[in-house]
Amino acid sequence: MEWTRLLVLDLAPGEVYAHACGESEWIVLPLSGGCEVRCRALPGPAPHTPAGLKERGSAPNPAPRPSAGPEGGRGGPNPASPASEARGFGGGAPAAELQVFELAGRDRVFSGVTDFVYLPRDADAEIRSAAGGRFALAGARCETRLPARYGPAGRVPVELRGAGPCSRQVNNFAAAGPDGFDCDRLIAVEVLTPGGNWSSYPPHKHDEHHPGEESRLEEIYYFEIAPHGDTPGLGYQRVTPSPAGKTDLLTEVRTGDAVLIPDGWHGPSMAAPGHDMYYLNVMAGPGTTREWLIRDHPDHGWIRGSWDGQDIDPRLPFSRTEGHR
């Protein structure tokens, strides 16, 4: 993919993952478990910021909350000032600010909204999980270097979309918009769909630039499907060709699977009965304005009008807090 990035880490207890952000911005999102994130970022704007793009501040977002230190325990960040060190993680030179963030995380993706950390381009980071867990790194190639920041779970907007068998929940932790978490190009949300429902429906696309109507965005879907006892869960994902591309896919998806969508009408995402579906959406594109504008498939957009007379699935919302439903 040209613009979007995704890494999913399974860390053993005490394991450390070293991550170089390079030319991309990243969000560290716990899927299960908590972790400590140490970020060493260079001060000031990125050196290749094009003319006309200004360094953006972080006023709409909460200030970073570093932990008490490298050995700080779980349970959320502590409200202290960021630490600065004139050395790298390995004791090397250049002077850069070292910030340490403690993520409480969650038990699993269905048990609550999680906190997260934003990592700027050109930064170096380490992710360490004392108890182990799974962590997603959602990224996007970008130009502007924004500050590293902590995103608290309590500030994540939760939205219920659709109705009846098209009901789903969207955790808009890094959605586009004036009230969203500030990123340069990255757009990322979580979608939770009760078993038996159709999500990402009606089929829609965002692979062409039409000002005010449609934005050009690549997309990655990463899936986790709830099991039933010892039986693993499964679902299905459909992508059909659009005028802008030839992507044509109908595939079974299970926990750990990802579907790459450079173009095309995508949807539905079908959750098998008895198996709740989770997917992480990671989007980015070449547009200078960070926005999510979509076009519904002309043959299926009418379904939205039928939702007015239906209730939202009573299984929603999934819990906002830790613990199983």
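Among all positions in the range 237-244, there is at least one residue which is at pLDDT 95 or above, assigned to a strand (DSSP E or B) and of a type in the set (Lys, Arg). Given the structure, is residue 309 loosely packed, with under 13 Cβ neighbours inside 10 Å and modelled with pLDDT under 95? So residue 309 passes the test. For the range 133-155, the count of residues that are part of a loop (DSSP other than H, G, I, E, B), open to solvent by 10 Å² or more (accessible area, probe 1.4 Å) and closer than 29 Å to residue 195 by Cβ is zero. When the range 136-155 is filtered for residues that are within 15 Å of the chain's Cα centre (by Cα) and over 13 Å from residue 104 (Cβ atoms), the ones remaining, listed by number, are 136, 137, 138, 139, 140, 141, 149, 155.
Take residue 147 and tell me if it is in contact with a strand residue (DSSP E or B) (Cβ under 9 Å, 6 or more places away or on another chain) and over 21 Å from residue 312 (Cβ atoms). Criteria met by residue 147.
Of all residues in the range 93-129, those satisfying the criterion of being small (Gly, Ala, Ser), under 29 Å from residue 226 (Cβ atoms) and crowded, with 19+ Cβ neighbours inside 10 Å are 105, 112, 129.
Applying the condition of being over 20 Å from the mean Cα position of the chain (by Cα) and outside any loop (DSSP other than H, G, I, E, B) to the range 182-234 and asking which residue is surrounded by the fewest Cβ atoms within 10 Å (Cβ to Cβ) yields 231. Applying the criterion of being in a strand (DSSP E or B) and polar (S, T, N, Q) to the residues of the range 269-294, the residue that is farthest from residue 212 (Cα to Cα) is 269.
Residue 276 passes every criterion in (1) crowded, with 19+ Cβ neighbours inside 10 Å; (2) within 17 Å of the chain's Cα centre (by Cα); (3) among the charged types (D, E, K, R) apart from (2).
The number of residues in the range 156-181 that are closer than 13 Å to residue 279 by Cβ, of a type in the set (A, V, I, L, M, F, W, C) and buried (at least 22 other Cβ atoms within 10 Å of the Cβ) comes to 0. Scan the range 245-268 for residues that are under 21 Å from residue 301 (Cα atoms), open to solvent by 70 Å² or more (accessible area, probe 1.4 Å) and outside any loop (DSSP other than H, G, I, E, B) and report the count. Total satisfying the criteria: 1.
For the range 1-24, a residue qualifies if it is open to solvent by 60 Å² or more (accessible area, probe 1.4 Å), charged (D, E, K, R) and within 14 Å of residue 137 (Cβ to Cβ), and exactly one does: 10. Taking each residue of the range 278-307 that is closer than 12 Å to residue 201 by Cα and looking for partners that are open to solvent by 50 Å² or more (accessible area, probe 1.4 Å) with beta-carbon atoms closer than 7 Å, six or more apart or interchain, yields 295/213.
The values are calculated or read from the model by the stated rules, or taken from the named source; none is laboratory data. Note that the structure is a prediction, hence the values are computed from the model and not measured. Counting neighbours? That spans all protein chains shown, and the Cβs are built from the backbone with ideal geometry, glycine included. These accessible areas exclude ligands, DNA and RNA; they are computed on the full protein's heavy atoms, side chains included. Shrake-Rupley method; radii C 1.70, N 1.55, O 1.52, S 1.80 Å.
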